[in-house]
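Remarks on the structure that follows.
The values are calculated or read from the model by the stated rules, or taken from the named source; none is laboratory data. Note that this is a predicted model, so its numbers are computed, not measured. We place every Cβ from the backbone using ideal geometry, glycine too, and count neighbours over all the protein chains shown. In case anyone asks, the SASA skips ligands and DNA or RNA and just uses the protein heavy atoms, side chains included. Shrake-Rupley method; radii C 1.70, N 1.55, O 1.52, S 1.80 Å.
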Amino acid sequence: MAKMVELEKLEKHFKIPKSLFGTDSRVVRAVDQITFSIEEGEVVGLVGESGSGKTTLARVLLSLTKMTGGKAMIDGVDLSKATKSDLKKLRREIAVVFQDPASNLNPRQTVESSIMRPMVIHGVPRAAAKKKAREVLDMVKMDERYLDSFPHQLSGGQLQRIAIARALALSPKIMILDEPTSALDVSVQAQILNLLLDLQEEMRLTYLVITHDLNVIRYISDKIAVMYLGKLVEFGPTEEVTGHPKHPYTKGLMDAAPILDPRLRGRAKELMKGDPGSLIDIGTGCRFYARCKYASPECEKEDPKILSVGNGHQVACVHPLTSEP
């Protein structure tokens, strides 16, 4: 099976001045040595608290910001060596769906105009774009009568369906979904997730789903990547990561999430202490050290490497968890 996304020691660091007039700068390691891959037709969930680097990673994949180190291959194109022609090709192949569709749809444009816009930008004739707009609207289970509607006339769920339809307009291979259901009611969330799964199966799409909601990830993803302060701390099949978390941070995220399965409601929960630290001038040790109940002096000095623990499950921890949640 072809790999649609391959990341190898990917880095995105930012330099910020130490003072308003100073020449010295500090380094923000927003994405630091990230390595994982996504195969064609896979759904990978990217989870972590705010500030963990999830959105910055997505911006690198979308070519909205340049990496500062490592390698990123998207459908065979090396982003560090991509030509204008390569980037134009990737912008047709990669689509994105944002958290709040209302803020990403022009309030002065009809649904039809919003869906047609990416096609027109890429040179699709208007007649063909109008026909495709009707096709993708049908794919997201909405009637053609909504083509003449404006965003303020639609509900949150309908707006998200329009955003998905617009993302499908150029027949992408990869979709990046940034918190696609967090702004919706619970019942509507389920409808949108089921729609996304149906579209993924029908079109053999590859998804990278960014969210802090582990219940969404459990439902939709094949694999989970967990980030903390710019680092990948755990990666593997969804059942392995959620059923047998090896990193204390992953376990903490799971304990903080609402338990929907009645069979698990008696499980002991242990909430993480403290807040995420700063990404500025991070030391050499484990970044989760200050919040980890299992930390040892070794953790403060050693930056743990990603190690395989079997079944495609990887973890970056000096003291991986051995007990089940």
Handout entry: Label-reachable residues, the range 271-291, where backbone N falls under 20 Å from a point 7 Å from LYS18's Cα toward its Cβ
Key = 278-284
Practice task
Once you've got the GNM for the chain with C-alpha springs shorter than 10 Å, pick whichever of HIS13, HIS152, HIS244 has the biggest mean-square fluctuation.
Solution key: HIS152
Completion exercise
Using alpha carbon positions and the Kirkwood radius, the Rg to Rh ratio of the range 1-66 is 1.09
Practice task
Taking DSSP loops as anything outside H, G, I, E and B, show the longest stretch in the chain free of chymotrypsin sites (Phe, Trp or Tyr not before Pro) there with at most 16 other beta carbons within 10 Å.
Solution key: 22-293
Fill in the blank from the handout: Non-local residues with an amide H under 5 Å from the amide H of MET4, with H modelled 1.01 Å from N and Pro and chain starts lacking one, are ILE38, GLU39, GLU40
Practice task
Under a cut-off of 17 Å between alpha-carbon atoms, report the aspartates and glutamates in cross-link reach of LYS130, not counting same-chain residues fewer than 8 places apart.
Solution key: GLU112, ASP138, ASP143, GLU144, ASP148
Completion exercise
Placing each pseudo-label 7 Å from Cα in the direction of the beta carbon, SER171 and GLU202 end up separated by a distance in nanometres of 1.5
Exercise for the section: Measure nothing but the geometry: give the 0 to 90° angle between the long axis through the Cα atoms of 156-168 and the longest principal axis through the Cα atoms of the chain, rounded to 10°. Expected result: 80
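Please compute the per residue accessible area over the range 181-317 with all protein chains in place, 1.4 Å probe, rounded to a whole number of Å².
Numbers: 6730 Å² over 137 residues.
Per-residue value: 49 Å².
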Exercise for the section: Whole number please: convex hull volume per residue, Cα atoms of the range 1-135, in Å³. Expected result: 178
Completion exercise
The set of residues whose placed amide H lies less than 5 Å from the amide H of ILE210, leaving out same-chain residues fewer than 5 positions away, is LEU46, LEU177, ASP178, GLU179
Handout entry: Residue of LYS84, LYS12, LYS223 that the Gaussian network model of the chain assigns the largest fluctuation, springs spanning Cα pairs under 10 Å
Key = LYS84
Practice task
Give the carbon-plus-sulfur fraction of the accessible surface of the range 19-96 in %, rounded to a whole number; probe 1.4 Å, heavy atoms of protein chains only.
Solution key: 50
Completion exercise
Log entry: pair-distance distribution for the chain, C-alpha pairs binned every 20 Å from zero, whole % per bin is 30, 55, 15, 0
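Please work out the Cα convex hull volume for the range 137-275 and give it in Å³ per residue. Don't skip to the end; give the middle numbers.
Numbers: hull volume 19.7 nm³, N = 139.
Taking the convex hull of the Cα positions in the range 137-275, it is 142 Å³ per residue.
So which of LYS9/LYS305; LYS66/LYS88; LYS81/LYS223; LYS12/LYS71 end up more than 21 Å apart, counting from Cα to Cα?
Working: LYS9/LYS305 11 Å; LYS66/LYS88 16 Å; LYS81/LYS223 28 Å; LYS12/LYS71 11 Å.
Where the Cα-Cα span goes over 21 Å, the pairs concerned are LYS81/LYS223.
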Exercise for the section: Give, in nm to one decimal, the length gained when the segment between LYS130 and GLU40 is fully stretched (0.36 nm per residue of separation minus the Cα-Cα distance). Expected result: 29.5 nm
Practice task
Please give the helix 186-203 orientation as an angle from the longest Cα principal axis of the chain, in degrees from 0 to 90, rounded to the nearest 10.
Solution key: 80
Practice task
Using a 10 Å Cβ count of at most 14 others and DSSP loop calls, identify the longest part of the chain lacking such GluC sites (Glu not before Pro).
Solution key: 1-269
